[in-house]
Amino acid sequence: MEEEMASIEENRTWSLVDLPHGRRAIGLKWVYKVKRDENGAVAKYKARLVVKGYAQRQGIDYDEVFAPVARLDTVRLLIALAAHEGWEVHHMDVKSAFLNGDLKEEVYVEQPAGFISTGNEHKVFKLKKALYDLHQAPRPGTRSWTKRCCRSDSGGVPRNMPSTPGGMGRRS
């Protein structure tokens, strides 16, 4: 739990504030998981802080839910194209990448159990970035990743994608 809180603080996910009048703070909960090695022995205990997203109300706490999905046909096409063009293909684990995008909405959450700030018990956290199970979570992270990955002047072609005469992308 302390590692998770340190990671959240390091990522500058939130700031401690007074809850504005007329606003509601969403609760948080701890989710625990035991990671095991190939022999079944305990390798690591993991704790994750998640928003009680089920308590959010559509139209009040959020407007839409966004879930980025890669279609298998698209993945196959990109791999075939990379093979045909002789491009190098790299795998990237992005399961938590969506937590790095800045939130546009104002979202307030309660202080997590076991980590309530002494002298500030009445305060809440205003989220700057998403937490797991927040309905708005995937969109800002996807937006942030796309900005870093793709040039705006290239029609969405990734920066590292090679250019070929008559092929995809432009030579820089």
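The values are calculated or read from the model by the stated rules, or taken from the named source; none is laboratory data. Quick caveat: nothing in here was measured; it's all calculated off a predicted structure. Because the Cβ atoms are built from the backbone with ideal geometry, glycine has one as well, and the counts that use them run over all protein chains shown. The accessibility values were calculated without ligands, DNA or RNA, using every heavy atom of the protein model including side chains. Shrake-Rupley method; radii C 1.70, N 1.55, O 1.52, S 1.80 Å.
List of remarks:
- The residue that is surrounded by the fewest Cβ atoms within 10 Å (Cβ to Cβ), among those in region 1-58 that are part of a loop (DSSP other than H, G, I, E, B) and acidic (Asp, Glu), is GLU38.
- So LEU99, is it modelled with pLDDT under 90 and either closer than 15 Å to LEU134 by Cβ or loosely packed, with under 11 Cβ neighbours inside 10 Å (or both): yes
- Residue match in region 76-92 (condition: over 16 Å from the mean Cα position of the chain (by Cα), modelled with pLDDT of 90 or more, among the aromatic types (Phe, Trp, Tyr) and open to solvent by less than 90 Å² (accessible area, probe 1.4 Å)): yes
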